[in-house]
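Please read the structure below before turning to the comments.
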Amino acid sequence: MIRAAAPGDVDRLVRLESDCQGVDAWSPQLVSDGVTGALPTIAWLIDEGRDGYAVASYVDDVVELQRIGVDPGLRRSGLGSRLLEAVVDRAEGAARVLLEVREDNAAARAFYAAHDFAEVHRRPRYYRDGATALVLQRDLRDERDGSDDGE
Ligand SMILES: CC(C)(COP(=O)(O)OP(=O)(O)OC[C@H]1O[C@@H](n2cnc3c(N)ncnc32)[C@H](O)[C@@H]1OP(=O)(O)O)[C@@H](O)C(=O)NCCC(=O)NCCS
């Protein structure tokens, strides 16, 4: 079951953040601030039983997926997809989902491509090591319009 993270999840999330994001991992303080609600537009989601999480901000009609991560030993079993859909399900009326991904993160790019994200922008030398960031978007309005077909 995917649910909103609670203060008791902070230690697990700090470990997951480190395992999934490596040198880019957020500090334990930032994780704790997010989970305990100090950052009001940010939602942290966690799977109850399996190690996976997602972080998104919801502002106006834009959802920004800031993090998604699955324990390395559990990947390719659908958990990332369920987390992403949980983020989208909470979007209620949002127009689009945006995110940034490293150009050299082939696994994440394949994952987002499988979930209908398309590149809309590139930010060269965006990361500390000089890597390019790709900005990807998924248009939720198109999906809703499409779901009306045939009715
Ligand atoms: C990106 C990530 C969250 C995907 O999680 P996951 O649980 O493995 O994803 P799923 O099992 O739901 O994969 C769904 C589909 O995405 C695609 N996909 C996912 N990982 C892939 C990979 N390594 N190579 C190719 N395609 C991949 C496939 O189409 C897959 O379907 P399939 O397994 O039936 O072929 C996971 O790889 C991860 O935690 N990576 C490290 C953190 C990260 O880079 N996060 C994104 C940037 S913040």
What number, rounded to the nearest 500 deg cm²/dmol, is the helix-based mean residue ellipticity at 222 nm of the chain, given -39500 (n - 2.57) per DSSP H run of at least four residues and division by all its residues?
-9000 deg cm²/dmol
Dividing the mean separation of Cα pairs under 8 Å (6+ apart) by the residue count of the chain yields a relative contact order in percent of 17 percent
Could you compute Rg(Cα) / (2.2 N^0.38 Å) for the chain, with N its residue count?
1.04
Amide H to amide H under 5 Å from Val62: which residues, 5+ apart in sequence or cross-chain, H placed 1.01 Å off N in plane?
Ala95
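Read-outs: derived from the displayed coordinates by stated rules, not from any lab. From a predicted model like this one, the values you see are computed outputs, not experimental measurements.
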